[in-house]
Amino acid sequence: MGVITLKYNLDRLIVPIGTLMNEIEYGTTFALYRDREDTIPLQGSGLRWTSWKTEGKSLIIEVNDDFLENDYIFEKLLVVFLYNLLDFGELRLISIDLSKSCYLQRANAHQQKVPKCFRLLRKDSMLGTILKPYYHLSLAQKIEMAKKFTSMGINLLKEDETFFASEARLLEEARAIQATIEGNGNYIPNVTHYVHNYQVIEKLLDSGIEIVMIDFLVTGFRPILGLKQKFPEICIWGHRVGYWSLEKFISMKALGTLAVLAGVDFLHIGTPTNRKDSKDRLQLVSCLRTIKPQFVPVFTKTTPEILAEIVSLFDGTTVSMACGYFRDDRGTINWEKVQGWVAAAQGVWVE
């Protein structure tokens, strides 16, 4: 029998830990008065699937695999072991350790096929930007930008997480832009709103699209897992838009574990700006690659001085993205700065 280990930071609890743990398996009842709320725990004969211990201000919970059925592991983890517990105090989910769980083997089994994009892209070619201004660019303008960017060595052209296109526009632009840069790069459309529409996804694949972006805090993890199981050849770019509203309650390590377990290949993890940030991100990448060895961290908003740190410290495949650095004060693209940024990403930039 496998177990998943969850680690929390405890800032303040309004009930004893025993009551908190009983809530997971037995539940708690409540009575609301004009001046207070009473908590009345249900008495049980002991915990069957969970156990716990404390280490300083940390709470460590072990959960038997058979308590987390495969059909709803993501929903149960988030509801039972995060959101619901917040009613009982202030805590933060720090990590989800799968090393002793059968779910790690299951994840590896359904993610064994290496998507085509991983076989084609080299470390030094994982350079990207975002097509902006997103709602005011014509297809002709996007194609022209795509040609220019790829000619300078940038080969990941992504739509913004806030850009949602109709099915007709999505398919037309994907087909045209990918055809323009075929062999030199990948166009990455936002399919958050079509994650359940397999016909649209299949048409995108037929158009040469290999990577699609999903706002996973909007869709949830279940649809991503379903998409990956249906189309194992597709790469999923996970955008964490909305994470700042949850950061107080769940770490990027814990959230990233769920995302990668669901099938996310590329993941925004936050761009390091100093040595401490870099150390934290290195540990995070190492952790996520124990679940998926080909996992790719995405670093956004980069400048040449930030790239120097990333290039020197991070082994394996990474994605570096830039957008604002390419623009002058009026928002116009400065192509000389693009050229300099690409040189920095390749380790040859001189300040």
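The values are calculated or read from the model by the stated rules, or taken from the named source; none is laboratory data. Here the structure is a predicted model, which means the values were calculated and not measured. Virtual Cβ from ideal backbone geometry, glycine too; neighbours counted across all protein chains shown.
List of remarks:
- Leading residue by the ranking (modelled with the highest pLDDT) among those in the stretch 2-29 that are surrounded by fewer than 15 Cβ atoms within 10 Å (Cβ to Cβ) and in contact with a strand residue (DSSP E or B) (Cβ under 6 Å, 6 or more places away or on another chain): Asn9
- Looking across the stretch 162-204, the residues that are closer than 24 Å to Arg222 by Cβ, among the hydroxyl-bearing types (Ser, Thr, Tyr) and loosely packed, with under 15 Cβ neighbours inside 10 Å come down to Thr162, Tyr198.
- Pairs, first of a type in the set (A, V, I, L, M, F, W, C) in the stretch 31-42, second part of a loop (DSSP other than H, G, I, E, B) and surrounded by 10 or more Cβ atoms within 10 Å (Cβ to Cβ), C-beta under 9 Å, six or more apart: Leu42/Tyr26; Leu42/Gly27
- Hits in the stretch 224-249 - residues which are surrounded by fewer than 18 Cβ atoms within 10 Å (Cβ to Cβ) and assigned to a helix (DSSP H, G or I): Gly226, Gln229, Lys230, Tyr243, Trp244, Ser245
- For Glu62, the test of being in a helix (DSSP H, G or I), among the charged types (D, E, K, R) and surrounded by 15 or more Cβ atoms within 10 Å (Cβ to Cβ) is failed.
- Some residue of the stretch 250-265 being touching a Pro at 6+ places or on another chain (Cβ under 6 Å), part of a helix (DSSP H, G or I) and among the hydrophobic types (A, V, I, L, M, F, W, C): no
- Residue match in the stretch 205-221 (condition: modelled with pLDDT under 95, among the small types (Gly, Ala, Ser) and surrounded by 17 or more Cβ atoms within 10 Å (Cβ to Cβ)): no
- Looking only at the stretch 311-351, and only at residues there that are in contact with a strand residue (DSSP E or B) (Cβ under 6 Å, 6 or more places away or on another chain) and within 18 Å of Val285 (Cα to Cα), the one that is modelled with the lowest pLDDT: Thr317
- Residue match in the stretch 251-259 (condition: in contact (Cβ under 8 Å) with a residue 12 or more places away in the chain, surrounded by fewer than 16 Cβ atoms within 10 Å (Cβ to Cβ) and either among the charged types (D, E, K, R) or not assigned by TED's automatic domain parsing to the domain that holds Asn84 (or both)): no
- Neighbours by Cβ (under 7 Å, 6+ apart or cross-chain): first from the stretch 71-99, farther than 16 Å from Thr5 by Cβ; second among the acidic types (Asp, Glu) and assigned to a helix (DSSP H, G or I): Phe88/Glu23
- Any chance His268 is outside the structural domain of Phe74 (by TED's automatic domain parsing) and touching a residue at least 60 places away in the same chain (Cβ under 8 Å): no
- All told, Phe266 falls short of being closer than 23 Å to Ala254 by Cβ and touching a helix residue (DSSP H, G or I) at 6+ places or on another chain (Cβ under 8 Å).
- Single condition Tyr72 does not satisfy, out of (1) in contact with a strand residue (DSSP E or B) (Cβ under 6 Å, 6 or more places away or on another chain); (2) at pLDDT below 90; (3) under 24 Å from Lys253 (Cβ atoms); (4) not β-branched (Val, Ile, Thr): (1)
- Here Leu284 passes the criteria (1) at pLDDT 90 or above; (2) assigned to a loop (DSSP other than H, G, I, E, B); (3) touching a helix residue (DSSP H, G or I) at 6+ places or on another chain (Cβ under 6 Å) except the one numbered (2).
- Flag if Leu10 is within 19 Å of Leu261 (Cα to Cα) and in contact with a Lys or Arg (Cβ under 8 Å, 6 or more places away or on another chain): no
- Restricting the stretch 132-177 to residues that are touching a helix residue (DSSP H, G or I) at 6+ places or on another chain (Cβ under 6 Å) and either assigned to a loop (DSSP other than H, G, I, E, B) or of a type in the set (Phe, Trp, Tyr) (or both), the residue that is farthest from Asp215 (Cα to Cα): Met152
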